[in-house]
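Accompanying notes for the structure given below.
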Amino acid sequence: MLPKTAQIRLMSSHPEVYDPCDDSFALVDALLADRANLLEHRPSICMEVGCGSGYVITSLALMLGKDSSGCHFIATDINPHAVCVTHKTMEAHGCYAELVITDIASGLETRLAGSVDVMVVNPPYVPTPEYEVGQFGIASAWAGGENGRSVIDKILPVADNLLSDKGWLYLVTLTVNNPSGICLQMRKKGYASRIVLQRSTEEESLHIIKFWRDLDIQLEVSECTALNKTDHGVILNSLLSRVPRLPFWSRDNCGSH
Amino acid sequence: MRLLTHNMLSSNIKGVTNGFPLLIEVEKVVEKQVDFNEDFLRNMFPKIEWKALVEASRTMGYTELPENAESSMLDSDEFLRKFHHALIELHLEEGALVCPETGRKFPVNKGIPNMLLHEDEV
């Protein structure tokens, strides 16, 4: 039986590249658990932002069947050593991905907009001082700035731009990143979300979130935008719609700013 | 780097409005045979900028692609094979991608393009 995930013995490595760790394994476990859905999803383009050692993108390619359904894989990393290591790791497993050394998806954003069916991201999520963010060496693998959100917050709008209508995003977060806050932020862009895997290790509590576009949420969002309501107004209106109509409680009296 | 990727890359330099397609400077081209997948080609076709693909494949030494293409041509096996060959089987191993507006070169080494910008280009 062909292995469905990358094998450690075949992994390439480099002192400046993040070796697969608990978070990488958790993300791959989450993808494995969703494998049946992923296969049914029939993605044309899968993308990893921040490929590191290549463990995740290689595993994704293996579990989707490297020669089935013509799915193409793209991976990026800001660290040139990481992309080189990913290249070797993929080769060792007989897989192939289009690799680009770049900051998130810079250079790909215009043309790849709305084309990515599956995106996987294990971002630098560790809370660090801001100045450590975006350095080119191995620190780029973990340095996440305030609450570990600096790079996550840069990635989310890029993901929103790149994901197709049926696109799915899998994101690794820590509790300190405020996963529910991230879900709320994404909801405002029309995404439903679910924590597909939660894992506590000695050092950290990981939450792997899956996002997908939801029509009902998108309609809700566009209605709110059209009527120019704030969150406050939306909640108020929603509550008031449950209250029996009295003249001074009419919906027209509230939510206008 | 496949031409599929080249077709998806544009110059990310600040202020550039005409960054696609990137010009290709060839140092080494490699052909790697891969089984073609019709579904994938059909899915990708509407997203491909055809002229850019034709131009790029010619720079890489492949002249078989028709000047223009439309989706009805996907019913032709011959067309599919040529499309597949240009898009998927030609690799730029060594060379550079050049911003059409500024002339700035993005190196391609071992088939991997480096799109990292300097501080003043961001």
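Read the figures in this text as sums done on the coordinates, not as results from a lab. These numbers come from a predicted model, not from an experiment. Note that we place each Cβ from the backbone using ideal geometry, even for glycine, and neighbour counts take in every protein chain shown.
Per-structure values
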quantity: A:Thr225/B:Asp77 FRET efficiency (R0 45 Å; Cβ-Cβ; nearest 0.05); calculated: 0.40
quantity: Packing-based exposure ordering (other Cβ within 10 Å, fewest first) of A:Trp168, A:Trp212; calculated: A:Trp212, A:Trp168
quantity: Candidate lysines - alpha carbon under 25 Å from A:Lys210, same-chain residues fewer than 8 apart omitted; calculated: A:Lys4, A:Lys66, A:Lys154, A:Lys166, A:Lys188, A:Lys189
quantity: Mean-position separation - Cα centroids, region B:80-122 and region A:9-56, in angstrom; calculated: 25
quantity: Helix-only [θ]222 nm of chain A, DSSP H runs n ≥ 4, -39500 (n - 2.57) each, per residue, nearest 500; calculated: -10500 deg cm²/dmol
quantity: For A:Arg111, B:Arg42, order by how many other beta-carbon atoms lie within 10 Å, fewest first; calculated: B:Arg42, A:Arg111
quantity: Helix-only mean residue ellipticity at 222 nm for chain B, each DSSP H run of n ≥ 4 adding -39500 (n - 2.57), per residue, nearest 500; calculated: -6500 deg cm²/dmol
quantity: Relative contact order %, chain B, counting alpha carbon pairs below 8 Å whose residues are six or more apart; calculated: 39
quantity: Separation of the A:Glu91 and A:Glu132 label points, Cα + 7 Å toward Cβ, nm; calculated: 3.3
quantity: Over chain A, relative contact order from alpha-carbon pairs under 8 Å, at least 6 apart, %; calculated: 15
quantity: Cα gyration tensor category, rounded, prolate or oblate, for chain B with a/c compared to 1.5; calculated: prolate
quantity: Sorted by Cβ neighbour density within 10 Å, fewest at the top, the residues A:Thr128, A:Thr175, B:Thr17; calculated: B:Thr17, A:Thr175, A:Thr128
quantity: Two-site label geometry, B:Glu119 and A:Ser180: point separation in nm, points 7 Å out along Cα→Cβ; calculated: 4.1
quantity: Region A:105-132 and region A:203-227: distance between their alpha carbon centers, rounded to Å; calculated: 18
quantity: Within region B:10-98: Cβ-based charge dipole about Cα centre, in debye rounded to nearest 20 (Lys, Arg +1; Asp, Glu -1); calculated: 380
